[in-house]
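Take a look at the structure below.
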Amino acid sequence: AQNGYAVTCGQVTSNILPCVVYLHNGGPVTAHCCDGVRAIVNAAARSIVDIRTTCYCLKSAADSFKSINENNAASLPRKCGINLPFKIRASFNCA
């Protein structure tokens, strides 16, 4: 990776953890959750490899957190004021 930066699944998971309650149940989105989402988006923005890694990490995190509400996942970036060029879905193809 360039400049020694590379996204790891550990980082992605720890950034998304504050959002798990929202992803399951909806309700208010915490500032801590939005900070995590922002960190994920900023890290992924560095390279196509980082974007792919982030995507795979999010998918595996979603699998391990079973029963995530897809509508909540899809609305999360917007609730945090982050504009993503794609919708977040479990069926998303990372390639």
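The values are calculated or read from the model by the stated rules, or taken from the named source; none is laboratory data. Please read all numbers here as calculations on a predicted model, not as lab measurements. Quick reminder, even Gly has a Cβ in these numbers, built from the backbone with ideal geometry, and neighbours come from all protein chains shown. Areas reflect the complete protein model, heavy atoms only, side chains present, ligands, DNA and RNA absent. Shrake-Rupley method; radii C 1.70, N 1.55, O 1.52, S 1.80 Å.
On the basis of being of a type in the set (Val, Ile, Thr) and touching a residue at least 40 places away in the same chain (Cβ under 8 Å), does Thr8 make the cut? When the stated conditions are applied, Thr8 passes them.
How many residues does segment 19-35 contain that are assigned to a helix (DSSP H, G or I), open to solvent by 40 Å² or more (accessible area, probe 1.4 Å) and not polar (S, T, N, Q)?
Going through segment 19-35 one residue at a time, the tally reaches 5.
Against the list (1) within 21 Å of Asn71 (Cβ to Cβ); (2) at pLDDT 95 or above, the condition Ala31 fails is (1).
Inspect segment 36-58 for any residue being surrounded by fewer than 14 Cβ atoms within 10 Å (Cβ to Cβ) and of a type in the set (Asp, Glu) and give the result as yes or no. No, that holds for no residue. Among the residues of segment 70-83, those identified as surrounded by fewer than 14 Cβ atoms within 10 Å (Cβ to Cβ) and modelled with pLDDT of 90 or more are Asn71, Arg78, Gly81.
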